[in-house]
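Here is the structure we will look at.
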Amino acid sequence: MIPTATGLAFFLRKQVRKNLALLAGYCTFLALMVLGYAHLFQFLMWHLERRTYSLIAGIYWTITVMTTLGFGDITFRTDAGFVFATVVTISGVVFLLMFLPFVLVSLFVAPWIEQSIRYRPNRELPAGTRGHVLVFGPDVVTRAFMRKMEGRQVPFVVVAPDKEEAFRLELEGMRVLCGTPTDGVFLENARAGAARGIVTNLNDPETVNLCLTARKLGDAPIAVIADESAHADLLRAAGATHVIPLPQILGRHLATRATTFGAAAHVLDAFGNLLIAEMPVYGTPFVGQTLGKIPLGGRTGLSAIGLLERGAFSSPGPDSPLSVHTIVLLAGTREGMSSLEALLRLEAGEDRVIILGHGRIGCAAATVLGKMNVPFTLIDRMENPHCSAHESIRGDATHLDLLRKSGIDAARGLIITTNDDNANIFLALASRRANPHVRMVARANREENVDELYAAGADFVVSSSSVGANILANVLEKKDTILLTEGVNVFRRPLPPRFSGWTLAESGVDAMSGCAVVAILREDNPEPVVGPSRETVLDTRMDLVLIGSPEQEKRFGEVFA
Ligand code: AMP
Ligand code: ZN
């Protein structure tokens, strides 16, 4: 049997435990030897030379002699004493200087090297394997995607380019294949032709090659995270079915959320003519009011579908209070968004947004702000070699002087988007101190830092791995889902046929799944019904748009499958 990395990890854990016990035994033997010699030293000193030493002095003498340090501050003066000292020196050389390193190498280092040499990663899937998802380019995004797939019990196999990476991934408990992504024979062995989908996050040239090679084997959908949106056409021409320019998408998410201007500017996504948007209450005349008091539905036709307060979601009610930190989630048409904008009469020019980090994502955010005529200032410690459109202030943003000089205290919006989460958390805290009212949007490179960024004072956190994983899952599962924030999705599903002819209230779709119906879309009418009344009569040409957690979304699928 070929040993797998998991087998090796198991072997090592078992073996290390056994070997630690052996090492502990050997160390006890050494300690007893030192103690025995120390007592003998006291005995001989007294009987041969009539000198008294404490046990501590005996231990000290034994150790300096055994390690051949021999300071010479305590020495025997008789022949018998010299013989004893010689015996102690020789046993020190043998048991301490020769045996101990040997024991360490043979118990710990050698088995590890031996086993890792013997480790042979899998290079092919069993014949007949089908319906699996092949993942190329393991990183934070694809890992988050794999966790999602695991939750949905979709089998996936991750491809590692070399043995070390394969070994590491297998230790994490993943099913791994080792091989070159662009090698036709390897892709054949990975059963790419029969896969349910291929997901890749390699660099764009490598992806082009992979797509061309995979297309020779079959027509499995290929979802690609692209480095640059400008490469989308090439990637599609090579055979990619879905191209996801993640830096641009994240830049747009950050930019739209950092401005205090215009509801239409905050549109997150759309199902046909139904737009899903966010309205930050900060900067509007609605601060301090309740949701029921503000002129939404009547004047704009928009419907509040949820409230967010520093990442925490709550269902809206007429008594829901609106504070400077509240974000109202809205559903409605473009006309509705425009009338809200007219109602608020905010000017883009009043905004000033500071962007910390001018990498791919910061640059994309700046481009979006530029299109909205929102003035911005960029700070990065390096020049962006791919951008000639923007000027940035050069320096480390964590130097508070620079932050202050950039005008943080007067800024209306702030985008924190460096690739270092520790820096992002630090910057969130420092900026919140400097400007309690700034609308702060931060990027979390790793999902586990989302809570820390909120705790540091961010109004909104965009997790690049969650957004990427969500888009990939949507694409592969052919589902219409919009991730609003961690734990809140808006999704579109066809009406379960059994409810045709029932009213919305009678169907109980919301009560049974825990989701709320926020709109109804009809095949025969492009205009969405926003905030449908409970008396709306349902028919099979309708799609429901619902809001709920990923678990509620899953329950909806299970209950109405
Ligand atoms: P990207 O991941 O492509 O959006 O790039 C992130 C950008 O953040 C890079 O251009 C980095 O130079 C920048 N960056 C990282 N740490 C800091 C920092 N402490 N101050 C300013 N810029 C930073
Ligand atoms: Zn730029």
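Nearest 0.05, what FRET efficiency do Arg168 and Ile393 give at R0 = 30 Å with Cβ-Cβ as r? Here the calculated transfer efficiency is 0.20. Bridge orientation summary for the chain: considering DSSP beta bridges with both residues in this region, about 55 percent are antiparallel. Summing +1 for each Lys or Arg and -1 for each Asp or Glu among the other residues whose beta-carbon sits under 11 angstrom from that of Ser392 gives -1. Ranking Leu40, Pro497, Thr290 by Cα position along the charge dipole of the chain, where only Lys, Arg, Asp and Glu carry charges on their C-beta atoms, puts Leu40 farthest toward the positive end.
Only lysine pairs 8 or more places apart, or on different chains, with alpha-carbon atoms under 28 angstrom apart are counted in the chain, and they number 12. For the chain, the Cβ-based charge dipole about the Cα centre amounts to some 1020 debye (Lys, Arg positive; Asp, Glu negative; other atoms uncharged).
Viscosity 1.002 mPa s, temperature 20 °C: what is the translational diffusion coefficient of segment 173-240 from Stokes-Einstein with a Kirkwood Rh over Cα pairs, rounded to a whole number of µm²/s?
Working: Rh = 12.1 Å.
Rounded, D is 177 µm²/s.
Taking every alpha-carbon pair within segment 69-131, the share separated by more than 21 Å comes to 59 percent.
Given the Cα atoms of the chain, and with Rh set as the inverse mean 1/r over their pairs in the Kirkwood sense, what is Rg to Rh to two decimals? With Rh from the inverse mean 1/r over Cα pairs, Rg/Rh is 1.17. Ordering Tyr282, Tyr60 from the fewest to the most neighbouring beta carbons within 10 Å gives Tyr60, Tyr282. Here the relative contact order of the chain, from alpha carbon pairs under 8 Å that lie six or more residues apart, stands at 10 percent.
Short-range pairs are left out: with C-alpha atoms under 8 Å and at least six residues apart, the relative contact order of segment 350-430 is 38 percent. Based on Cα atoms of segment 373-517, Rg over Rh with Rh as the Kirkwood radius reads 1.14. Would you mind computing, in nm to one decimal, how far apart the modelled labels at Ala434 and Arg120 are, each placed 7 Å from Cα along Cα→Cβ? The modelled label-to-label distance comes out at 5.9 nm.
Values quoted throughout were computed directly from the atomic coordinates according to the rules given, and no laboratory measurement underlies them. Everything numeric here is computed off the predicted structure, so don't read it as measured data. Don't worry about glycine lacking a Cβ; one is built from the backbone with ideal geometry, like all the others, and counts go over all protein chains shown.
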